[in-house]
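Scroll down for the structure; my scribbles are underneath it.
The values are calculated or read from the model by the stated rules, or taken from the named source; none is laboratory data. The shown structure was predicted, so the numbers you read here are calculated from the model rather than taken from an experiment. Methodologically, a virtual Cβ is constructed for each residue, glycine included, from the backbone with ideal geometry; neighbour enumeration extends over all protein chains shown.
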Amino acid sequence: MALTGILLIGFLYLHMIGNLKIFFGAEAFDHYAAWLRTIGTPLLPHEWYLWIQRGVLTVAVVGHIVAATILARRARQARPVKYAHRPKVQGSYAARTMRWGGVIVLLFVIYHILDLTTGTLNPNGVHLEAYKNVSTDFAPGRWYVTLFYTLSIVAVGFHMRHGIWSALRTLGQQSPRGEVIARATALVLSWVLVLGFLVVPFAVLVGLVD
Amino acid sequence: MGDFYNDGDPIADTAAPEGPIETRWERRQFNAKLVNPANRRKLTVIVVGTGLAGGSAAATLAEAGYKVKSYCYQDSPRRAHSIAAQGGINAAKNYRNDGDSIYRLFYDTVKGGDFRARESNVYRLATVSVNIIDQCVAQGVPFAREYGGLLDNRSFGGTQVSRTFYARGQTGQQLLLGAYQAMERQIGLGNIEMNARHEMLELIIVDGKARGIVVRDMVTGEISTEMADAVVLASGGYGNVFFLSTNAKGCNVTASWRAHRKGALFANPCYTQIHPTCIPESGTHQSKLTLMSESLRNDGRVWVPKDAADCQKPAAEIAEEDRDYYLERIYPSFGNLVPRDIASRAAKNVCDEGRGVGPGGLGVYLDFADAIDRLGKKAVEAKYGNLFEMYQRITGEDPYEVPMRIYPAVHYTMGGLWVDYDLQSTVPGLFVVGEANFSDHGANRLGASALMQGLGDGYFVLPTTLGNYLAAGPFEPIADDHEEVVAARTEVEDRISKLLSINGDRTVDSFHRELGHIMWEYCGMERTEEGLTKAIGLIRSLKDEFWLRVKVPGTGEQLNQNLEKAGRVADFFELAELMCIDALHRRESCGGHFRGESQTPDGEALRHDDEFSYVAAWEYATGDSGKPTLHKEQLEFEYVHPSTRSYK
Amino acid sequence: MDIQVRVWRQENRSDNGRMVTYDVKDISPDASFLEMLDVLNEKLILDGDDPVAFDHDCREGICGACSMVIDGVAHGPEKATTTCQLHMRHFKNGDVIDVEPWRAAAFPVIKDLVVDRSAFDAIIAAGGYITAPTGAAPEAHATPVPKKDADLAFEAATCIGCGACVAACPNGSAMLFTAAKVAHLGLMPQGQPERDTRVLDMLQAQDDAGFGGCTNMGECTQVCPKGIPLTLIGRLNADYRKAVRKKL
């Protein structure tokens, strides 16, 4: 869980930073999208890097889900009879929402690929017209898309907050000072990522990007 | 008094070597017969109880190669009541270079026991004390340490040397976990067969030797007979005869009592330690009492109102001049730090005068206002914070604002099954270790000595002396249908059916509570001839009533906690009677036994060494007379000569 | 005060069990939670009903026997408190209080609120010790232990083995229990020779007993009566990785 999670977080950060290119204008952003396909050339043929990355990410996502499923199944076997009085959450909500949060994030990722990668569900949906795809996607009239996007990104944030902290523990974090640092790291990284992602649709919404 | 018991022949400890006390244990070890390691596998030992004594004995015997079968009533051996010991464990390491030595620990313990303990045993206890610490450290017991990484020591229970090793306020827990882990290792290796939630209900004696026990599986109710080459009882003390005590709810005398009924003598049953700093009862629902560390008396001042009329007022409204700091008044040189028995009795006296505070007038104040003024709240918190928290959790009162209320409570029983120097009872093959035997504390136990004795017996003494006995084995195997086995088993089954069939109108607890009241009133901190005689009558009629009116719900073939309790209370009745008879016959005050008729003109305990310098070993009342028989073991004091304790 | 308790009643291991409601009247706020159940049981016995079975022993918060989930929280609403040290003053007149046993496959119910926790003993038997047969011990001062380590080892060793961590864990994991023992022994110089095998064997025993996997939820430490910190699980993980690496 920890290893695949860290890989996915790394990707999300690169993705988020790339998204911010949108504030440099349509040309810069579309150029960035095209550039992604040229990484590794001429050593690698066109788009090969991108496919390798997609492959690795898919493996990570599948691995992450498989591990989570094993843990969830073990948890169910470990408590065959449920509490009659629903247990009160004593720890953190972020921790308690990992599983359902994870499912929401997965559904979002599928939608997100159909929306902005393949363009199937995008109102513009033209390959390599990244800027226009985004700006029409989050147009004020399509507020529900923005709302869904926002909720999903917040879910990603919650998932990451517990995920980062938990990953550090799994990797052996054990000092009280490290505990403070781990909590702070998890919180800051999650907030930065959430804000970094949300600033784009909201910029579209208020007309900063059009 | 001849009405209550018969005089029997004297008894003597023939196992201890004569000669210089310093080498008695070494000589006993050398002369003890050894068992060939290859033969140990063929020898089975039953150990009942998994506290410090039983746990350490089981682990050590299994390590030596014997087959061990261990039994405890708790759901895990780790929960034996040794776990609750707070203060520490004494050892004559002299790490502080303050003049401590094995001889001084021996001297202090004999004197502290008010000259009613056997010198040989106490000297051996002091000798092995140093090995106990080594052993526990090797097991990883996290004792308190100094900044240099060496073990810390403190002075405890009024001794003038710092010889007490401790692990915060949880020394018993840490020592027990050490023994438990050693035991679990042997369980994992298959050398110990562990039977948790099993209660011993009878001893099986064949051809005069202890050969097995009858146990009840407390989950299924199954009664089984378990055979072995020797039986070790490590089943703890009997303080719960008082119903309210600092013992765990499950602590009971049944294992010891069943052995007593089968012929093992019971020594000094009346010696009871009553601890002065416990949290008082808060009402009729009270199920047990909680001890708070004696260290509180280092800074707290004990007082009650001078005028009984003030007792209902809040403490803050009682002016300084209307308070009676009675310990400081009566014992100006020791003040609030007088020994346990004296502090307890003084509290009882002021409450008897009607000057007690709190619910039922059963409490005295332990006031930290002066300490807070003098040292500041911070310093008091650093020293006693966890105790204050515990007090507040239980009482709901904040001791920083209102004075604590304390009252004495039964804490430890020095009496127990009589054993010789080898820890063998009067039944061959039946060994008794820890609080269950009577051996080392005389009439009063010093602080931090119980843990020392439990572990000393289990780790170091028993493995040697039991080997000496087992060298004659393996003994003839006993079949399950042997008449003694069948008889013991039938006895247990009949008793259970009897308890279940009465189906009366009173609960077990109501009887136990009433028995406790009688014992506390007449066989508690102060005993008199009149009171004890009355108590014996009351106990007898309550016992009769119990067997007519007790209601035990459920069946024997299931987890039945009331059936367990009923069997234990039935044995407590018989023990209570013997305790009163023992207390009645001992017309002197010594240690934990204070006879109203035997005090100095200013109210202090008065010993009668000429008449009572002996161990009272009681034989169970069999035969027509229905009276127990007293066997006296005369005590010789060759090294520490009896003197009078004074704390004025 | 008068309250109602809804208690889990289960005849034996194979019974399905159910919540049953009882009125408990005239309870002193100074009574402990267990004393409240004592009062209830006295009444049940005299009424000819089956009293509620529950584990308890020392009643001073150290033996670890008592084990009840009260209104969805292991050991009830007070922090760092065992059930036996919980007092009725923390409840209100008229409250309806739910009382359930620890629920975990590794802790099967024996009767009512009594569960079988021998799985914990099995974890200790697998490696929760230092091999030091009696008599073989060197002089206690032969090996100094830095005070910091000794204190931390003590903190970890205060675990009372009650099982609240398992009861509270959404995964039914025993990680905090195992981690506490691994930390206690691993922090002492005496515990080093068996440090690798200990963590491997204890985790194996934990899995074999049917406990769930740890996902660092942190519920365990919140209900732990001794406040065993979650950081010890990180320590266990580090020890585990090191042990696995050495084995490879």
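What number of residues within the range B:282-306 are away from every other protein chain (no Cβ under 14 Å), part of a loop (DSSP other than H, G, I, E, B) and crowded, with 20+ Cβ neighbours inside 10 Å? Before you say what the answer is, go through the steps one by one.
Residues of the range B:282-306 that are away from every other protein chain (no Cβ under 14 Å), as a first pass: B:294-306.
Checking the rest, the ones that are also part of a loop (DSSP other than H, G, I, E, B) come to B:299-300, B:306.
Of the ones still in play, those that are also crowded, with 20+ Cβ neighbours inside 10 Å are B:300.
Total meeting the criteria: 1.
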Exercise for review: Return a yes/no flag: does the range C:78-86 have any residue that is within 9 Å of chain A (Cβ to nearest Cβ), within 17 Å of residue B:393 (Cβ to Cβ) and in contact with a Lys or Arg (Cβ under 9 Å, 6 or more places away or on another chain).
Suggested key: no
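If I go through the range C:121-142 residue by residue, how many of them are in contact (Cβ under 8 Å) with a residue 12 or more places away in the chain and either over 19 Å from residue B:75 (Cβ atoms) or not assigned by TED's automatic domain parsing to the domain that holds residue C:183 (or both)?
Going residue by residue through the range C:121-142, those that are in contact (Cβ under 8 Å) with a residue 12 or more places away in the chain are C:122-132.
From what's left, either over 19 Å from residue B:75 (Cβ atoms) or not assigned by TED's automatic domain parsing to the domain that holds residue C:183 (or both): C:127, C:129-132.
So the answer is 5.
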Point to revise | Of all residues making up the range B:413-448, the number that are among the hydroxyl-bearing types (Ser, Thr, Tyr), buried (at least 24 other Cβ atoms within 10 Å of the Cβ) and at pLDDT 95 or above | key: 2
Revision key, fill the gap. When restricted to C:213, C:161, the only residue over 12 Å from the mean Cα position of the chain (by Cα) and either in the same structural domain as residue C:71 (by TED's automatic domain parsing) or not in a helix (DSSP H, G or I) (or both) is C:213
Study note, to complete from the structure: Taking the range B:136-173 and keeping only residues that are within 7 Å of chain C (Cβ to nearest Cβ) and over 21 Å from residue C:193 (Cβ atoms), one is left with B:146, B:147, B:148, B:150, B:151, B:167, B:168, B:170, B:173
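At least 1 residues that are without any contact (Cβ under 8 Å) to a residue 60 or more places away in the chain and surrounded by fewer than 21 Cβ atoms within 10 Å (Cβ to Cβ) in each: list the helices (runs of 4 or more DSSP H) lying fully within the range B:19-76 that qualify. Can you show your working first?
Numbers: elements: B:24-31, B:37-40, B:52-64.
Here the list reads B:24-31, B:37-40.
Table: residues versus (1) at the interface with chain B (Cβ under 7 Å from one of its Cβ atoms); (2) assigned to a helix (DSSP H, G or I); (3) surrounded by 19 or more Cβ atoms within 10 Å (Cβ to Cβ).
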{"residue": "C:36", "(1), (2), (3)": "no, yes, yes"}
{"residue": "C:76", "(1), (2), (3)": "no, no, yes"}
{"residue": "C:89", "(1), (2), (3)": "yes, yes, no"}
{"residue": "C:119", "(1), (2), (3)": "no, yes, yes"}
{"residue": "C:144", "(1), (2), (3)": "yes, no, no"}
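Taking residue C:32, is it at the interface with chain B (Cβ under 10 Å from one of its Cβ atoms), among the small types (Gly, Ala, Ser) and touching a strand residue (DSSP E or B) at 6+ places or on another chain (Cβ under 7 Å)?
On the way: at the interface with chain B (Cβ under 10 Å from one of its Cβ atoms): yes; among the small types (Gly, Ala, Ser): yes; touching a strand residue (DSSP E or B) at 6+ places or on another chain (Cβ under 7 Å): yes.
Yes, satisfied.
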Exercise for review: Confirm whether residue C:193 is facing another protein chain (nearest Cβ under 7 Å), closer than 24 Å to residue C:233 by Cα and surrounded by fewer than 24 Cβ atoms within 10 Å (Cβ to Cβ).
Suggested key: no
Check your understanding: Can you pull out the residues in the range A:20-41 that are aliphatic (A, V, I, L, M) and not in a helix (DSSP H, G or I)?
Key -> A:39
Practice item. Being out of contact with any Leu (no Cβ under 9 Å at 6 or more places or on another chain) and among the polar types (S, T, N, Q) is the filter; apply it to the range B:541-561 and report the residue that is farthest from residue B:501 (Cα to Cα). Key: B:541
**Study point:** Hey, residue C:131 assigned to a loop (DSSP other than H, G, I, E, B) and of a type in the set (Ser, Thr, Tyr) or not
**Key:** yes
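Condition test on residue B:533, is it touching a residue at least 40 places away in the same chain (Cβ under 8 Å), assigned to a helix (DSSP H, G or I), surrounded by fewer than 18 Cβ atoms within 10 Å (Cβ to Cβ) and among the β-branched types (Val, Ile, Thr)?
Numbers: touching a residue at least 40 places away in the same chain (Cβ under 8 Å): yes; assigned to a helix (DSSP H, G or I): yes; surrounded by fewer than 18 Cβ atoms within 10 Å (Cβ to Cβ): yes; among the β-branched types (Val, Ile, Thr): yes.
So residue B:533 passes the test.
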Review point. Only one of (1) under 16 Å from residue B:136 (Cβ atoms); (2) among the polar types (S, T, N, Q); (3) assigned to a loop (DSSP other than H, G, I, E, B) fails for residue B:97. Which number is that?
Key: (1)
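Does residue A:193 satisfy the criteria of being assigned to a loop (DSSP other than H, G, I, E, B) and either within 30 Å of residue C:231 (Cα to Cα) or at pLDDT 90 or above (or both)? Walk me through it before giving the result.
Numbers: assigned to a loop (DSSP other than H, G, I, E, B): no; either within 30 Å of residue C:231 (Cα to Cα) or at pLDDT 90 or above (or both): yes.
Judged against the criteria, residue A:193 is not a match.
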Review point. In the set C:97, C:124, C:130, C:110, which member is more than 10 Å from chain B (Cβ to nearest Cβ) and over 12 Å from the mean Cα position of the chain (by Cα)?
Key: C:97
**Study point:** Total residues in the range B:407-451, condition in a strand (DSSP E or B), among the hydrophobic types (A, V, I, L, M, F, W, C) and farther than 24 Å from residue B:29 by Cα
**Key:** 2
**Study point:** Selection from the range C:80-120 of residues that are of a type in the set (Val, Ile, Thr) and under 22 Å from residue C:228 (Cβ atoms)
**Key:** C:81, C:82, C:83, C:115
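Quickly run through the range B:108-165 and pick out the residues that are among the hydrophobic types (A, V, I, L, M, F, W, C), in contact (Cβ under 8 Å) with a residue 40 or more places away in the chain and touching a Leu at 6+ places or on another chain (Cβ under 7 Å). Before you say what the answer is, go through the steps one by one.
So the first thing to find is which residues in the range B:108-165 are among the hydrophobic types (A, V, I, L, M, F, W, C), and the list is B:110, B:115, B:117, B:122, B:125-126, B:128, B:130, B:132-133, B:136-138, B:141, B:143-144, B:150-151, B:156, B:161, B:165.
Within this subset, residues satisfying the condition of being in contact (Cβ under 8 Å) with a residue 40 or more places away in the chain are B:110, B:115, B:117, B:122, B:125, B:128, B:132-133, B:136, B:150-151, B:156, B:161, B:165.
Once the filter is applied, which keeps residues that are among the hydrophobic types (A, V, I, L, M, F, W, C), in contact (Cβ under 8 Å) with a residue 40 or more places away in the chain and touching a Leu at 6+ places or on another chain (Cβ under 7 Å), the range B:108-165 yields B:132, B:136, B:165.
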Review point. Under the condition of being touching a Lys or Arg at 6+ places or on another chain (Cβ under 9 Å) and more than 12 Å from chain B (Cβ to nearest Cβ), which residue from the range C:50-74 is nearest to residue C:17 (Cα to Cα)?
Key: C:69
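With surrounded by fewer than 24 Cβ atoms within 10 Å (Cβ to Cβ), modelled with pLDDT of 95 or more, out of contact with any Asp or Glu (no Cβ under 7 Å at 6 or more places or on another chain) and of a type in the set (Lys, Arg) as the only criterion, which of C:226, C:247 stands out?
C:226
Can you name the residue in the range C:225-248 that is under 29 Å from residue C:193 (Cβ atoms) and not in a helix (DSSP H, G or I) and, of all such residues, is farthest from the chain's Cα centre (by Cα)? Break it down into steps so the answer makes sense when it comes.
Step one: of the range C:225-248, the residues under 29 Å from residue C:193 (Cβ atoms) are C:226, C:228-248.
Next, only the ones that are not in a helix (DSSP H, G or I) stay: C:226, C:228-230, C:248.
Details: C:226: 10, C:228: 11, C:229: 14, C:230: 15, C:248: 34 Å.
Selected residue: C:248.
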**Study point:** Which numbered condition residue B:583 fails, given (1) touching a residue at least 12 places away in the same chain (Cβ under 8 Å); (2) surrounded by fewer than 21 Cβ atoms within 10 Å (Cβ to Cβ)
**Key:** (2)
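Could you please let me know if residue C:3 is in contact (Cβ under 8 Å) with a residue 40 or more places away in the chain, away from chain A (no Cβ under 14 Å), closer than 27 Å to residue B:244 by Cα and touching a Phe, Trp or Tyr at 6+ places or on another chain (Cβ under 7 Å)? Step through it out loud before you land on a result.
Details: in contact (Cβ under 8 Å) with a residue 40 or more places away in the chain: yes; away from chain A (no Cβ under 14 Å): yes; closer than 27 Å to residue B:244 by Cα: yes; touching a Phe, Trp or Tyr at 6+ places or on another chain (Cβ under 7 Å): yes.
Criteria met by residue C:3.
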Exercise for review: Name the one entry in B:554, B:504, B:516, B:531 that is in contact with a helix residue (DSSP H, G or I) (Cβ under 8 Å, 6 or more places away or on another chain) and at positive phi.
Suggested key: B:554
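Pick from the range B:269-281 the residues that are assigned to a strand (DSSP E or B) and under 15 Å from residue B:363 (Cβ atoms): which of them is nearest to the other protein chains (Cβ to nearest Cβ)? Show your work before the answer.
Narrowing the range B:269-281 to residues assigned to a strand (DSSP E or B): B:272-278.
Then drop every residue that is not under 15 Å from residue B:363 (Cβ atoms), which leaves B:274-278.
Working: B:274: 17, B:275: 13, B:276: 17, B:277: 14, B:278: 11 Å.
This residue is B:278.
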